[in-house]
Amino acid sequence: MTDTEPETRHHRQSARFLWLYALAAAGGAVAYVPFLTILLPERVAGFAGDEAVTVLAYAAFSGAIAASFANIGFGWISDRTRARRPWIAVGLALSGILLVAMRNVDSLAILIPLLVCWQVALNMMLAPLSAWAGDRVPDEQKGMLGGLLAFAPALGALSGAIVTSPGLADADTRLLLVAGMVAVMVLPVLLLGDPRPMPELMRDPEPVGEDIRTERRDPVARMWFARLLVQIAEAALFAFLLVWFRSIDASVTDNFTARIFSFVLGASVPVALFAGRWSDRTGKPVPPLILGAGFGAAGLAVMALAPDMETGIAGYVLFGLATSIFLALHSSQTLRVLPKPSTRGRDLGFFNLTNTVPSLIMPWLTLALVPVFGFDALFWLLATLCAVACTLLLSIRKI
């Protein structure tokens, strides 16, 4: 947290740190996206056969629980030790070692403990990395930070395409490639970032009365629930988009769906950068979030009403762009509303639950609705969730 720099007041963080931090955040996405979406399912299919879906369900549940507790725990530890970089570095090393160790997985008895340990080590890196931005990036640059964070999901998806390129590497070597890519992306900010100290960002607010404390807590709760609702919708579409496409057109391939995903994630980057810079210039961080949730609801409504594949794709592109921008900007603007710098890492761990809890909720929503009422009912429910998120954000007066 303090990292032993002198307490010199600066109003803006260096562009070098912002860009290197964004690269490291993208490295965090590369650490888990290709593994959890491609490499792990392939490995499980190799030893579990017809039981692969069941094994993956147990693995996903165990991993989500471990990630939730580890993110809160290591955020809190980095608060207490008043240091971020050492924990990021150790987590980077341990998570890379454990990822490569996945080459030895050949049964559920090995998979679950190793996956839990990997999630703990990964969140040893991710939790203090998230909090470090709050320590070093002032409010007037948080929009820009959010725009840069849009690179993370795009590069996470791209890394999966790279490591699975035909003829590039076998299954075991792919794990080594992912670990190496993560190290190359995270180490520069640790070694070369040299962030300017921001002592004003490290001071807890003065004690206040109960009314003011309640006023401060109110936007925190609204921001948390808004992100949770949008994340549930995003997780459902991520998991079942291919199935829905094939319910409209049985000839749709997984490659076609992957290209749609890639287009949405790539296109969201310049739009998020523009929206983030606009929010910094105008001092209005909430309107882009409101629009993101609102357009996300509109995209889902289009999907629910879509009479053909072209309309369905248009609805998904609208939803995907809107929610990708929302999630990137929300990640940075959340740093505005956290109550105390001294507990920033722990509090971000609780916000991280909005990333892990949807993976526990979403399958049950889908199983309850789709077999009986079809995908239209699911999309209307998800559109309602996004609309509620939009309403919550509209009720925030100022952050």
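The values are calculated or read from the model by the stated rules, or taken from the named source; none is laboratory data. Just so it is clear, the structure is predicted and the values come from calculations on it, not from any experiment. A quick note on method: Cβ atoms are made from the backbone with ideal geometry, for glycine too, and the neighbour counts reach across all protein chains shown. Heavy atoms of the whole protein, side chains included, go into the accessibility calculation; ligands, DNA and RNA do not. Shrake-Rupley method; radii C 1.70, N 1.55, O 1.52, S 1.80 Å.
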Please compute the alpha carbon radius of gyration of region 138-290, then divide it by the globular-protein estimate 2.2 N^0.38 Å. Two decimals is fine.
1.38
Using +1 at the Cβ of each Lys and Arg and -1 at the Cβ of each Asp and Glu in region 241-399, identify which of PHE245, GLY276, LEU318 lies farthest towards the dipole's positive end.
GLY276
Rounded to a whole number, what % of the accessible area of the chain do carbon and sulfur atoms account for, probe 1.4 Å?
67 percent
Mind jotting down a quarter of the surface of the convex hull over the alpha carbons of region 243-399, in square nanometres, one decimal?
10.3 nm²
Add -39500 (n - 2.57) for each DSSP H run of 4 or more in the chain, then divide by its residues: what number comes out at 222 nm, to the nearest 500 deg cm²/dmol?
-27500 deg cm²/dmol
How big is region 57-160 in terms of Cα radius of gyration and Dmax, in angstroms?
15.4, 50
Pseudo-spin-label distance ALA161 to ALA45, built 7 Å along Cα→Cβ, given in nm, is 2.0 nm
Residues of region 217-277: accessible area per residue at 1.4 Å, in Å²?
47 Å²
Largest first, what is the accessible-area ranking of GLU51, GLU206 with a 1.4 Å probe?
GLU206, GLU51
Which value, in debye to the nearest 20, describes the size of the charge dipole of the chain about its Cα centre when Lys and Arg Cβ atoms bear +1, Asp and Glu Cβ atoms bear -1, and nothing else is charged?
1100 debye
So what's region 308-366 giving for Cα Rg divided by 2.2 N^0.38 Å, two decimals?
1.53
Sequence ranges 380-391, 259-270, 39-50, ranked by mean other-Cβ count within 10 angstrom, highest first:
380-391, 259-270, 39-50
Mind checking which helices in the chain clear 27 Å along their axis (Cα) and have mean Kyte-Doolittle hydropathy of 1.6 or more, DSSP H runs only?
171-192, 286-305, 375-394
Protein-only accessible surface order, largest first, of ILE399, ILE97, ILE110, ILE88 at 1.4 Å
ILE97, ILE110, ILE399, ILE88
Taking N as the number of residues in region 134-195, what is its Cα Rg relative to 2.2 N^0.38 Å?
1.45
Below 12 angstrom from the Cβ of LEU99, what's the summed charge of the other residues (Lys, Arg +1; Asp, Glu -1)?
+2
Report P(r) for region 219-318: all Cα-Cα distances, bin width 5 Å, range 0 to the bin holding the largest distance, values in whole percent.
2, 11, 18, 23, 19, 12, 8, 5, 2, 0
Kirkwood Rh in Å, taken over all unlike Cα pairs in the chain:
21.6 Å
